[in-house]
Amino acid sequence: MRTIKHAIITLVSSGFLVATGATLAQETPTTAPAGVKLVEAKAVQDLQAKGAVLIDTRKANEFSEATIKGAISVPYDPEKSAKDVSFDATQDKYDMGKIADKNKDYVVFCNSGTCWKSYKAAVMMAKVGYKNVNWYRNGVPDWKARKLPME
């Protein structure tokens, strides 16, 4: 009886998720894409101290709520392509006009491992010839949890 009850609850829960369109967010890869270096919070701090540009790829309203101190907003928006390593960048918009120097050090970030904006931005930057692209996969939530400077 208990097994049947569990099966019914599972089925109803699954149906609810499908009906509401809720899905589990797909994680970004745990390794950096070609031409990009995966970095953690300490490396982000070191890079920033040496003059690297920190790029918040989240939407403008998210940036205005709170971001890593000193970061600039270069939103990867709209993000219409699949949340997948083989995404089609032509479906998205990422204006690199604010980051014209391809030889500078850059750190891109967003909202952790389920946020694809920074991953996609890093891929696009590397593909068009940016030499020093760093991807802070853990992003804003990790930075906040470490109580590092926000603005």
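Annotations for the structure displayed:
- The phi-based Karplus calculation (6.51 cos²θ - 1.76 cosθ + 1.60; θ = phi - 60°) puts the 3J(HN,Hα) values of region 41-54 at 3, 4, 5, 4, 4, 5, 5, 5, 4, 8, x, 5, 8, 8 Hz, whole numbers, x for Gly and Pro.
- In terms of other Cβ atoms within 10 Å, 58, 146 run from fewest to most in the order 146, 58.
- The lysines within cross-link reach of residue 59, meaning a Cα-to-Cα straight distance under 17 Å and a gap of 8 or more places when in the same chain, are 69, 80, 83, 93, 98, 117, 120.
- Residue by residue, region 104-116 carries 3J(HN,Hα) couplings of 6, 8, 10, 10, 9, 8, 8, 10, 5, x, 9, 9, 8 Hz when phi is fed to the Karplus relation 6.51 cos²θ - 1.76 cosθ + 1.60 (θ = phi - 60°); x denotes Gly or Pro.
- Amide H within-cut-off set for residue 137, under 5 Å, with H built and near neighbours excluded: 39
- Selection from 41, 139, 116 lying farthest towards where the dipole of region 25-145 points positive, charges on Cβ: 41
Each value in this text was obtained by applying a stated rule to the coordinates, not by laboratory testing. Just so it is clear, the model here is predicted, and its values are computed rather than measured. So basically every Cβ, Gly included, is an ideal-geometry build from the backbone, and we count neighbours across all protein chains shown.
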